[in-house]
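> Dropping a structure here in structure tokens format, bear with me for questions.
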């Protein structure tokens, strides 16, 4: 029998052991292929022209996925090699040279990789069309699907993963040179010494994690946000590894002191096993915890962004167009352009005067748009009288602040000092939102008409035009015409700022749908890969240990322990292994998500329910699968 035939037979014989490993790699290959197909999809890229280049996002996501997949494949393959040390030793005893054994291991790993690659590309080809349709729906694109699968995407996927499989296969093939023959046969008999519980390291783990949380929660106030986030990661990740290698041991040993529970049923054996093998599990559990936190946080933040900028878009951008320039003739030109289009119905339009000026509130310098109350009523009518505002007396004003909900800023009853003027205004009403479209005016003041006429000369006077269209869809041609008109008008004013002078509902919706919808799409697929890898790593680790525990369970049966008690003890032990990293991962992610959801006025409970429900269900599926397989191994 040739080396190639031996390798093929080994793959066939171990296919049950490889199935979870295979599934995880197939998922990685499939999603990588989908990302590459979308990156090279000409129809999607042309439709996104001028608003967002999602291809850059897909390329970055595929690189992250490739790097992670490489680590996962190497990590998982290492478990299989350790599990097969005895088999490798048998080859050596039969007289097969180390070089040939290395070739067998190389070919086995490579064959598994090629199987996963072929199945992944076939599955990716089937799912690419569905994924593209889903992306088009999420980012609200009006585009013909066109060709989805490209030769370039297939070649990139093949080259990338074949490179990974060759590297991992070489590592597998070189394993035989790392061990003495006696070590290979005694691998299952080696046991780790029960680790000591370090009180200092246990406390240090909590200090590091809590310190990381405090740095993160204060990140928004920090002048260097990036440094704060990096420091948070360092503190929390190092604290998490210490938590599992020290605090978990300390906690388990304290739990063991409760004699009533410790000597009940097989609890003594479960606790002893957890302690005995804690060192081997600590790094894996910490890694699972960090991966879980990363996955849940990424999904939670993405959903927060989506809810804020897409879910509440009509509130954030209430007007089809907002134009603020010194060109009085622009309003007539825009109305003419809108009337030329047969599919456009203008249901509302206001035109009035406003002033941009500098004011001082509570000693702080602010730049605001000031609007006379008579014009405010016209604006409010477009909003279907959303705001209830009593007539302002002289010396009173109403204040709109865009970031009010996400900020502790509160100006109600404060005094406003107008620059280069003796006039002071008191804030009678305070609204925690933007009166205009988002970013058009972070701060806006409504004042009595008489006060406005006295104050307006202290600032720059502009014409503010608002337009409300019945349907804001399919406006590309009209939108381009209006933007060109505004651009020409702004060229006449050297001090103009386009962000503060022009806002288009259609353009902003298109851009934000592409960027945030694309981020949601990428986040979901990356989350699937991370979740599959998370469950697989625990599965491999526990199943690897199960093969080494067979004799222990045989001994338990000989002394009278029945199968029912053994099964309960295994499911309890697996539950401890699975719940510990899940609990820490969820806790980390809850803190991480809370800051963003609070800034965007999102309900963190609802966000966590949306993310955690599918995550925990799939995670528990891995728990049941692992516990069942563990029991079958020790039972047979």
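> Got a sec? Which strands (runs of 3 or more DSSP E) wholly within region 399-466 have at least 3 residues that are free of Cβ contacts under 8 Å to residues at least 60 places away in the same chain, more than 27 Å from residue 326 (Cα to Cα) and not assigned by TED's automatic domain parsing to the domain that holds residue 355?
In region 399-466, no matching strands (runs of 3 or more DSSP E) lie anywhere.
> Would you tally the residues in region 476-493 being more than 18 Å from residue 338 (Cβ to Cβ) and in a helix (DSSP H, G or I)?
Qualifying residue count for the region: 1.
> With 566, 516, 559 as the choices, which residue is out of contact with any strand residue (DSSP E or B) (no Cβ under 8 Å at 6 or more places or on another chain) and within 30 Å of residue 612 (Cβ to Cβ)?
516
> If a residue has to be out of contact with any helix residue (DSSP H, G or I) (no Cβ under 8 Å at 6 or more places or on another chain) and crowded, with 17+ Cβ neighbours inside 10 Å to count, how many in region 100-127 make the cut?
Looking only at that region, the number is 0.
> Determine which single condition residue 307 fails, assuming it passes every other condition in (1) touching a residue at least 24 places away in the same chain (Cβ under 8 Å); (2) farther than 30 Å from residue 597 by Cβ; (3) not in a loop (DSSP other than H, G, I, E, B).
For residue 307, the failing item is (2).
> Here's another thing I want to ask about it. Return yes when residue 477 is in the same structural domain as residue 329 (by TED's automatic domain parsing) and more than 30 Å from residue 419 (Cα to Cα) and no when it is not.
Taking the combined requirement at face value, the residue satisfies it.
> Could you check residue 62 against (1) over 21 Å from the mean Cα position of the chain (by Cα); (2) surrounded by 17 or more Cβ atoms within 10 Å (Cβ to Cβ); (3) modelled with pLDDT of 80 or more; (4) closer than 30 Å to residue 476 by Cβ and say which number it fails?
Of everything listed in (1) over 21 Å from the mean Cα position of the chain (by Cα); (2) surrounded by 17 or more Cβ atoms within 10 Å (Cβ to Cβ); (3) modelled with pLDDT of 80 or more; (4) closer than 30 Å to residue 476 by Cβ, residue 62 misses just condition (1).
> Which of the residues belonging to region 327-385 are more than 21 Å from residue 439 (Cα to Cα) and part of a strand (DSSP E or B)?
Of everything in region 327-385, those that are more than 21 Å from residue 439 (Cα to Cα) and part of a strand (DSSP E or B) turn out to be 346, 347, 348.
> Given the criterion in the same structural domain as residue 368 (by TED's automatic domain parsing), crowded, with 16+ Cβ neighbours inside 10 Å and outside any strand (DSSP E or B), identify the matching residue among 503, 515, 536, 496.
Going through 503, 515, 536, 496 in turn, just one is in the same structural domain as residue 368 (by TED's automatic domain parsing), crowded, with 16+ Cβ neighbours inside 10 Å and outside any strand (DSSP E or B): 496.
> Please verify whether region 498-516 includes one or more residues that are more than 20 Å from the chain's Cα centre (by Cα) and under 26 Å from residue 77 (Cα atoms).
no
> With 464, 475, 491, 500 as the choices, which residue is at negative phi and touching a helix residue (DSSP H, G or I) at 6+ places or on another chain (Cβ under 6 Å)?
Result of the check over 464, 475, 491, 500: 475.
> Mind listing just one residue for me: the one in region 67-86 that is surrounded by 21 or more Cβ atoms within 10 Å (Cβ to Cβ) and modelled with pLDDT of 75 or more and, of those, farthest from residue 174 (Cα to Cα)?
Among those residues, the one meeting the criterion is 69.
> Output the qualifying pairs, or none if there are none: Cβ atoms under 7 angstrom, residues six or more apart or on different chains, first residue in region 486-499 and modelled with pLDDT of 80 or more, second residue loosely packed, with under 14 Cβ neighbours inside 10 Å.
Here the result reads 490/498, each pair linking region 486-499 to a residue that is loosely packed, with under 14 Cβ neighbours inside 10 Å.
The values are calculated or read from the model by the stated rules, or taken from the named source; none is laboratory data. These numbers were taken from a predicted model, which means no experiment stands behind them. Using ideal geometry, Cβ is built from the backbone for each residue, glycine included, and neighbour counts are taken over all protein chains shown.
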